[in-house]
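Comments concern the structure below.
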Amino acid sequence: MTYPTFPSDCTSMLCRFLTPEVFEALKDKKTANGFTLEQAINSGVVNPDSGIGVYAGDEESYTLFAPLFDPIIEAYHGFGKEQKHQSDLNPDHLNAPNPDPEGEFILSTRIRVGRNVAGLPLGPAISKSQRNEVEASVVEGLESMTGALEGTYYPLLGMSKSVQEQLIKDHFLFKEGDRFLEAAGLNRDWPEGRGIYHNHDKTFLVWVNEEDEMRIISMQPGGDIKEVFTRLVTAINAIGEKVPFAFSEHLGYITSCPTNLGTAMRASVHIALPKLARDMDAFKAITEKYHLQIRGIHGEHSESEGGVYDISNRRRLGITEVQAVQDMYDGVSALIAAEKAL
Ligand code: ADP
Ligand code: ARG
């Protein structure tokens with residue numbers, strides 16, 4: 001393998017941090033699962049418009065390829081090599097009364113975490129049979145859920161296109177054919193081994209074998225962030241009793257994309273800010289101040305429609321889950337105040 005060429009206008013973290021020296025030092029290394037540098041960087045090489053451009057095939061990728069991953073982790077999360085990650089999933093520690101009790105701005109709230117099974121490769125390096133084993137064990141765990149978390153697993157294999165499209169449109173299911181995941185090797189053997197579990201109300205959902213082996217999701221209409229967080233924590237604890245999660249003292253919950261390490265949590269609202277949207281500089285000044293990310297109405301790499309945005313915490317590592325939700329809450333409260341003042 002030779003040093004990849006990037007277009008001159010490339011701004012991804014991969015092109016920033018994969019210097020010829022780092023490349024030379026890492027190009028012949030392989031993890032115990034056989035994952036190589038070439039695989040780790042393929043998504044960012046094939047997609048030079050990536051923001052990040054790298055994926056890990058297993059926990060070992062983060063140490064073996066540390067000269068590439070460490071500066072990316074530091075740049076994205078502001079988290080240094082010597083730091084330790086701390087978890088706090090206690091809803092009593094969260095101070096987040098509904099920032100929009102009249103329901104004028106917030107359409108819905110969603111909080112998700114990524115989780116992977118301890119001791120197995122991550123999605124980019126997993127084999128077909130291992131992926132199917134993950135599906136079987138996660139589904140077995142989910143099928144024992146009771147009460148408000150009780151629901152049904154719907155495998156993608158055999159799901160009709162119209163049902164699949166409706167679930168995607170309604171913001172419940174992951175999309176198909178993502179080019180970043182494709183180049184990372186995350187879409188191999190599609191759709192086998194993938195699926196979605198949800199409770200009857202679709203307020204608790206689990207994505208199986210998408211970018212991470214599990215995405216555990218709590219969502220509902222309106223802005224009751226604490227209720228969403230509380231349900232999520234109950235679900236994480238219930239699933240964690242059945243399936244051991246990959247976790248490290250340094251990096252927290254291990255995920256395939258370095259942006260998701262740590263809490264692996266993205267807490268978001270869909271929020272209508274039509275006035276603020278006319279002044280994107282003012283909008284972005286607030287989101288930067290509160291460490292927020294702006295996404296479009298159909299998730300990552302989508303556009304806003306009708307002044308409605310997906311606003312979420314950007315940092316996930318080196319802060320606790322409670323702080324990640326607090327980032328979102330504080331920022332969303334500031335955005336609402338700014339919208340009201342216009
Ligand atoms: P992820 O959150 O899992 O990283 P995406 O950004 O692709 O991935 O979002 C996944 C789906 O969740 C998309 O359909 C998106 O519109 C939906 N979604 C995200 N936040 C909310 C929210 N607050 N309310 C409703 N749907 C949401
Ligand atoms: N690999 C994509 C990029 O670099 C996505 C990175 C963050 N998002 C994610 N879903 N992991 O732009």
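Read the figures in this text as sums done on the coordinates, not as results from a lab. This is a predicted model, so every value here is computed, not measured. Methodologically, a virtual Cβ is constructed for each residue, glycine included, from the backbone with ideal geometry; neighbour enumeration extends over all protein chains shown.
Calculate the dipole size of the chain relative to its Cα centre from +1 charges on Lys and Arg beta carbons and -1 charges on Asp and Glu beta carbons; express the result in debye to the nearest 20. It would help to have the intermediate numbers written out before the result.
On the way: 32 positive and 49 negative charges, 36 e Å.
That gives the chain a dipole magnitude of about 180 debye.
Any idea what the relative contact order of segment 1-94 is, in percent, if you count C-alpha pairs under 8 Å spaced at least 6 apart?
Working: 92 pairs, mean separation 25.4, N = 94.
Value for segment 1-94: 27 percent.
Where does the chain land at 222 nm, in deg cm²/dmol rounded to the nearest 500, when only DSSP H runs of n ≥ 4 count, each adding -39500 (n - 2.57), divided by all residues? The partial results should precede the final answer.
Numbers: 11 runs with 116 residues, N = 342.
My calculation for the chain gives -10000 deg cm²/dmol from helical runs alone.
When only Cα pairs under 8 Å and 6 or more residues apart are kept, what is the percent relative contact order across segment 136-255? Numbers along the way, then the final one.
Values: 139 pairs, mean separation 28.0, N = 120.
That works out to 23 percent.
Once both labels are modelled 7 Å past Cα along the beta-carbon direction, what's the Lys340-Ser162 spacing in nm?
My value for the distance between the label points is 4.5 nm.
Return an integer: the convex hull volume of the alpha-carbon atoms of segment 53-124, in Å³ per residue. Write down the numbers at each step before the final one.
Numbers: hull volume 12.6 nm³, N = 72.
Looking at segment 53-124, the number lands at 176 Å³ per residue.
Cysteines without a disulfide-compatible partner in the chain, using Cβ under 4.7 Å as the rule?
Cys257
Assigning unit charges at the beta carbon (Lys, Arg +1; Asp, Glu -1) and nothing else, what dipole magnitude in debye, to the nearest 20, does segment 7-52 show about its Cα centre?
Working: 4 positive and 6 negative charges, 36 e Å.
Charge dipole, segment 7-52, about its Cα centre: 180 debye, nearest 20.
Could you work out the mean projected area of the convex hull around the alpha carbons of segment 247-342, in square nanometres to one decimal? Could the numbers behind the result be given before it?
Working: hull surface 24.5 nm².
Average projection, Cα convex hull of segment 247-342: 6.1 nm².
Over its Cα atoms, what ratio of radius of gyration to 2.2 N^0.38 Å does segment 181-243 give?
Compactness ratio reported: 1.28.
Determine how many Å³ per residue the convex hull of the Cα atoms of segment 172-304 encloses. Numbers along the way, then the final one.
Numbers: hull volume 19.7 nm³, N = 133.
Per-residue hull volume (Cα only) is 148 Å³.
Please give the charge dipole size of segment 219-338, origin at the Cα centre, charges +1 on K and R Cβ atoms and -1 on D and E Cβ atoms. Round to the nearest 20 debye.
Values: 12 positive and 14 negative charges, 9 e Å.
Result for segment 219-338 is approximately 40 debye, rounded to the nearest 20.
Taking 1 over the mean of 1/r across every pair of different Cα atoms in segment 118-171, what Kirkwood radius in Å do you get? Show your work: numbers first, answer last.
Working: mean 1/r = 0.0749 Å⁻¹.
The answer is 13.4 Å.
What pairs in Lys84/Lys128; Lys202/Lys242; Lys175/Lys202 have C-alpha atoms more than 29 Å from each other?
Values: Lys84/Lys128 34 Å; Lys202/Lys242 21 Å; Lys175/Lys202 17 Å.
Beyond 29 Å: Lys84/Lys128.
Want the number for Ala282 to Ile297: 0.36 nm per residue separation, take away the alpha-carbon distance, what's left?
Details: separation 15, 0.36 × 15 = 5.40 nm, distance 2.00 nm.
Length gained between Ala282 and Ile297: 3.4 nm.
Please compute, over every Cα-Cα pair in the chain, the percentage with a separation greater than 38 angstrom.
Numbers: 7538 of 58311 pairs.
Summing the P(r) tail past 38 Å for the chain gives 13 percent.
Between Gln220 and Glu104, what is the label-to-label distance in nm when each label sits 7 Å out along the Cα-to-Cβ direction?
2.3 nm
Using Stokes-Einstein with the Kirkwood hydrodynamic radius over Cα pairs, what translational diffusion coefficient do you get for segment 151-216 at 37 °C and a viscosity of 0.692 mPa s, in µm²/s rounded to a whole number? The partial results should precede the final answer.
Details: Rh = 12.1 Å.
Translational D for this selection: 270 µm²/s.
For segment 1-137, evaluate the Debye formula with one uniform point scatterer on each Cα (no solvent term) and list log10 I(q)/I(0) at q = 0.14, 0.22 Å⁻¹, rounded to two decimals.
Summing over Cα pairs of segment 1-137 leads to -0.83, -1.34.
If R0 is 35 Å, what FRET efficiency do you get for Lys81 and Arg179 from their C-beta distance, rounded to 0.05? Walk me through the numbers on the way to the answer.
Working: r = 31 Å, r/R0 = 0.89.
Efficiency at R0 = 35 Å is approximately 0.65.
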